[in-house]
Number of protein chains: 2
Amino acid sequence: MATLKQVAAHAEVSVQTVSNALNAPHRLRPDTLERVNKSIELLNYRPNRNARSLRTSAVELIGYCVPNWPNQTHLVMDQFLHALCAAAERTGRHILLFTAPPGVDGMPTYDDLHARRLVDGFVLSQTETHDPRHAWLKEQGIPFVSFGRVWKETTQPGPWVDVDGAAGSAMAVRHLYETGRRRIAFIGWPKSSGLAEDRYGGWRDECKKLGLQTTGLSIRCREDSLDEGARATAALLDAGRELDGIVALSDILALGALRELTRRGITAGREIGLTGFDDSPLADVVSPGLTSLRQPMDDIAGELIEILTGAPDGTPTERLLQPELVIRGSSAPG
Amino acid sequence: MATLKQVAAHAEVSVQTVSNALNAPHRLRPDTLERVNKSIELLNYRPNRNARSLRTSAVELIGYCVPNWPNQTHLVMDQFLHALCAAAERTGRHILLFTAPPGVDGMPTYDDLHARRLVDGFVLSQTETHDPRHAWLKEQGIPFVSFGRVWKETTQPGPWVDVDGAAGSAMAVRHLYETGRRRIAFIGWPKSSGLAEDRYGGWRDECKKLGLQTTGLSIRCREDSLDEGARATAALLDAGRELDGIVALSDILALGALRELTRRGITAGREIGLTGFDDSPLADVVSPGLTSLRQPMDDIAGELIEILTGAPDGTPTERLLQPELVIRGSSAPG
DNA sequence: CTGAAAGCGCTTACAG
DNA sequence: CTGAAAGCGCTTACAG
């Protein structure tokens, strides 16, 4: 492995000049620059990142805690990670993966990684309604950005990027309305989830705006599972609500709904229009395909990295992105 | 942030002694050690990893290229990543994520990450039959270990860990046999895939061993999709093979089979026993649940890290692990 | 525009 | 068992 010193010797300049050729080429006379670059190429020189980091005390590494929630499979994690990685690389950075216990128990791990200079900061995801991590990091002065808002707070404890769940639900309602549905139900989660309330509110408000009924048409599941989605659907149907549309808070719940509909001989996309959330791989795997709201992963990742790595001052550090409705057979015109 | 020097001053010893307290505590007299440790704790000292790495020229980071194959969702990637991360951490290491173009076009990225000392070596996965990466890395002398064998080679180009696909298929056949099935079909991929031939061979050999018919009972799909799995199932049924069992090469194909069976009013786990491969989240999501062969992720990850980070000399660098049959409703006794 | 020097925070032979 | 010194490979003021 060639070093700066060797390149300098080869190009007959000082190490400082080689360093400048790499980091501030405009400071060199064109002919010097060219000579140095030739030596760099000839010796196949690559700057040692550790030496650089030691000097500048920036490692250009961003920590991300790989989630491990056995009961909640992260169906779009691979998409998110790829987008995050690509966005980081566009700024010369990379993602360092680590594991940590959930909640506040994991914070020493975050602290340690930062203190030992393994990372410059963190991207948080899987943000929970009472997530304690944000306030903790803020207090320690450790840089971070959150994918997802901390709902219990009136003011957010730090910079965040999120997808507009209310707008997503509203888009789903409007779409079902436009395909002829007039009695559109909502299958959600408990009130304690801020994310769930956001999406629920979007459904309710859009229904009202369109003059559609909402009372008796929403139901809260205890957990995000197929069985709960099926149970909720059964309950709605058994109550004689005469639905013709269902907006489900997640693809998993939507799939549960789909199963129950199929069991009763009801075809999604004919008698009932159905939509999910997240556009997970599951959505494309069922038949009919599930209409779902896609999170714009590339944009999300780009904003996260931009905020974390210190965009030009004055850049807003709170960004709400719009989901995109991906239309498939489950919401075909009735 | 406290430094070694500050800790040394506080404990009234030399920096060397503090370093030893951390890296070779047995060299210190117990009372000195205790005094140093007290200072370390008091000053909340954390060794700077960059400085250490610069000196030792080991970064304790392992590169992993996050796959992005739009047409082949990596359904168990989150499990794999979590296991890999945890295994790395057990040795004080971490995973650095990066993106690279597929095949040989991506190799300069690997080379660069290694040359600039961002990583010590790589874990490869998504190994393809004609994967050029292994030989390339070997030639460059860049450390790596592969999850999955390179099938075209007679001798493997480097250390690997893999799951015994033939044994997996055999387990599936035996299980279906034990639940009363006697005409067990195989739905696979093209011959060009080594992985597919491995699993196919396991089905064929186990059937022969049990005295079961195989001719006319295997079919190759063009790609790993629901539709292909459904098509293959339809073809087998239409040919009047009177199947009572299906071993599918993947969960995706199995789900396709399940769809076709359901469409024809055939219940998996009653008239026909069905198994998949990989125990992806999908397996648990359908109804009936899909019996599938789980890859032992924690073991795989542990072996990968052990091999890559230089286990004691003489440790074998080729390890074939056994999958585990996870039994669900799709193979209930007929 | 170019160069000599200091220093980032560690570890590692080597002496004592 | 403990310490003084060199050095890992860079970058960054500072002089010239």
**Study point:** Hits in the range A:206-222 - residues which are assigned to a loop (DSSP other than H, G, I, E, B) and among the hydrophobic types (A, V, I, L, M, F, W, C)
**Key:** A:LEU210, A:LEU212, A:LEU217, A:CYS221
Practice item. Identify the residue in the range A:278-301 that is open to solvent by 10 Å² or more (accessible area, probe 1.4 Å) and more than 14 Å from every other protein chain (Cβ to nearest Cβ) and, among all such residues, is nearest to A:VAL145 (Cα to Cα). Key: A:ASP299
**Study point:** Every pair of residues 6+ apart whose Cβ atoms lie under 9 Å, when the first sits in the range B:1-25 and is without any contact (Cβ under 8 Å) to a residue 60 or more places away in the chain and on the phi > 0 side of the Ramachandran plot while the second is of a type in the set (Lys, Arg) and not in a loop (DSSP other than H, G, I, E, B)
**Key:** B:GLU12/B:ARG35
Review point. Could you say whether any residue in the range A:66-79 is buried (at least 19 other Cβ atoms within 10 Å of the Cβ) and within 16 Å of DNA strand C (Cβ to nearest atom)?
Key: no
Review point. Which residue, of A:THR91, A:THR56, A:THR99, is among the polar types (S, T, N, Q) and within 16 Å of DNA strand C (Cβ to nearest atom)?
Key: A:THR56
Review point. Among the residues of the range A:100-116, how many are closer than 11 Å to A:TRP136 by Cα and in contact with a strand residue (DSSP E or B) (Cβ under 8 Å, 6 or more places away or on another chain)?
Key: 2
Practice item. Run A:ALA257 past the list (1) of a type in the set (Gly, Ala, Ser); (2) free of Cβ contacts under 8 Å to residues at least 40 places away in the same chain; (3) open to solvent by less than 10 Å² (accessible area, probe 1.4 Å) and report the number of the one that doesn't hold. Key: (2)
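Are any residues in the range B:129-148 free of Cβ contacts under 8 Å to residues at least 40 places away in the same chain and surrounded by 17 or more Cβ atoms within 10 Å (Cβ to Cβ), and if so, which ones? It would help to see each step written out before you state the result.
Of all residues in the range B:129-148, those free of Cβ contacts under 8 Å to residues at least 40 places away in the same chain come to B:130-142, B:146.
Passing the criteria: B:ASP131, B:ARG133, B:HIS134, B:TRP136, B:LEU137, B:ILE142, B:SER146.
Right, A:ALA232: out of contact with any Phe, Trp or Tyr (no Cβ under 9 Å at 6 or more places or on another chain), among the small types (Gly, Ala, Ser) and closer than 25 Å to A:VAL76 by Cβ or not? Step through it out loud before you land on a result.
On the way: out of contact with any Phe, Trp or Tyr (no Cβ under 9 Å at 6 or more places or on another chain): yes; among the small types (Gly, Ala, Ser): yes; closer than 25 Å to A:VAL76 by Cβ: yes.
When the stated conditions are applied, A:ALA232 passes them.
Step by step: first the residues of the range A:273-322, then only those that are among the polar types (S, T, N, Q) and at pLDDT 95 or above, then the one that is farthest from B:THR262 (Cα to Cα). Which residue is that? Lay out the reasoning, then the answer.
Residues of the range A:273-322 among the polar types (S, T, N, Q): A:275, A:280, A:287, A:291-292, A:295, A:309, A:315, A:317, A:322.
Among the residues that remain, those that are also at pLDDT 95 or above are: A:275, A:291-292, A:295, A:322.
Numbers: A:THR275: 23, A:THR291: 22, A:SER292: 24, A:GLN295: 32, A:GLN322: 37 Å.
The extreme case among them is A:GLN322.
Quick check: is even one residue across the range A:35-51 open to solvent by 30 Å² or more (accessible area, probe 1.4 Å), near DNA strand C (Cβ under 7 Å from one of its atoms) and free of Cβ contacts under 8 Å to residues at least 12 places away in the same chain?
Restricting attention to the range A:35-51, the residues satisfying the condition of being open to solvent by 30 Å² or more (accessible area, probe 1.4 Å) are A:35, A:37-38, A:41-44, A:46-48, A:51.
Narrowing the set further to residues that are near DNA strand C (Cβ under 7 Å from one of its atoms) leaves A:51.
After this cut, where a residue has to be free of Cβ contacts under 8 Å to residues at least 12 places away in the same chain as well, the list is A:51.
So far as the range A:35-51 goes, yes, one or more of its residues are open to solvent by 30 Å² or more (accessible area, probe 1.4 Å), near DNA strand C (Cβ under 7 Å from one of its atoms) and free of Cβ contacts under 8 Å to residues at least 12 places away in the same chain.
The values are calculated or read from the model by the stated rules, or taken from the named source; none is laboratory data. Only a predicted model underlies this, so the values are computations on that prediction, with no experimental measurement involved. Ideal geometry is used to build each Cβ from the backbone, glycine not excepted, and the neighbour counts take in all protein chains shown. Note: accessible area is taken over every heavy atom of the protein model, side chains too, but ligands, DNA and RNA are not part of it. Shrake-Rupley method; radii C 1.70, N 1.55, O 1.52, S 1.80 Å.
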